[in-house]
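Peer 1: Encoded as structure tokens, here's the structure I'll be asking about.
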Amino acid sequence: MKKTLYFLIAISLFSCDKDDTTTNGVPSYIQIDEITLDEDYTTNITDAWVYIDGVNKGVYELPAHFPVLNDGAVEVRIYAGIKDNGIASQRVTYPFYHSDTSSIKLTIDSTTIISPIVALKENIEGIIDNFDPSYTFNYDTCFQKISGGPYGNYGSLSFLDSIFVTEINYKDHPLSFDNVPQQGSATYLELDYKSESEFLVGMYINFPNTPTLQKDLLWINPKDDWNKIYVNLTQTVSEAIGAESFSVFIRMQRDNFSEVKTLDFDNIRIVHYKK
């Protein structure tokens, strides 16, 4: 279904291309294998949003090889796309990456390879816990820090004894954040993980002189291999008018004592625009 949808989008844009008369209906081709971030952060960029001379040419899952009815010198602008909340049907451009712009020459019936490199925007703030060299968040006896992961040290949650629910949170950690723009301004949690169990990402919202409000946001499915997810916190933050601060929690729970499940995670990062 996903491939069919992308095919239909591409065909629709292709058939309506205003440059059809200049190429006599014979396309040029563009190939994009991946989009790279010019920072030392992990990414999970899944799509290329493509514009040629300011005209939308479609959204293409990477790696991509696609036709365009353009020829000669053109300006190509590429936006990095992600799966919002890890959901394949919710594909968006990641708001904190600049687009990549290049001037290239297209040739009819030939393929031009583009290797976009995107950069982080300057007017953002990002706070991260990568478990190197220390951690200061709140945790229970089910947590441990492990060395030798693909990104260095990482955190791990597992069930012990009769514990049914285990959690880490950032109430007293720098990942407790405030002074965040609201009114729909983008806020995201980035997380690298692999997990034997479904787990919950949520937020604690702190209002003055009232009990802390807990918001369960997203249940994330198990993954055998390391994966990166972008969790959209925008609506939750924007709706919390009058809140003093926010903090993130990650929770795992089980249904019976016989289950022994582990959740490994790293590079927990909250990103938002400067206020």
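Peer 1: If the requirement is being surrounded by 14 or more Cβ atoms within 10 Å (Cβ to Cβ), over 19 Å from the mean Cα position of the chain (by Cα) and outside the structural domain of Ala186 (by TED's automatic domain parsing), which of these qualifies: Arg91, Arg77?
Peer 2: The match here is Arg77.
Peer 1: With respect to Asp109, determine if the residue is outside the structural domain of Asp266 (by TED's automatic domain parsing), without any contact (Cβ under 8 Å) to a residue 12 or more places away in the chain and not in a strand (DSSP E or B).
Peer 2: Numbers: outside the structural domain of Asp266 (by TED's automatic domain parsing): yes; without any contact (Cβ under 8 Å) to a residue 12 or more places away in the chain: no; not in a strand (DSSP E or B): yes.
Criteria not met by Asp109.
The values are calculated or read from the model by the stated rules, or taken from the named source; none is laboratory data. None of the values given here were measured: they were computed from a predicted structure. Ideal geometry is used to build each Cβ from the backbone, glycine not excepted, and the neighbour counts take in all protein chains shown.
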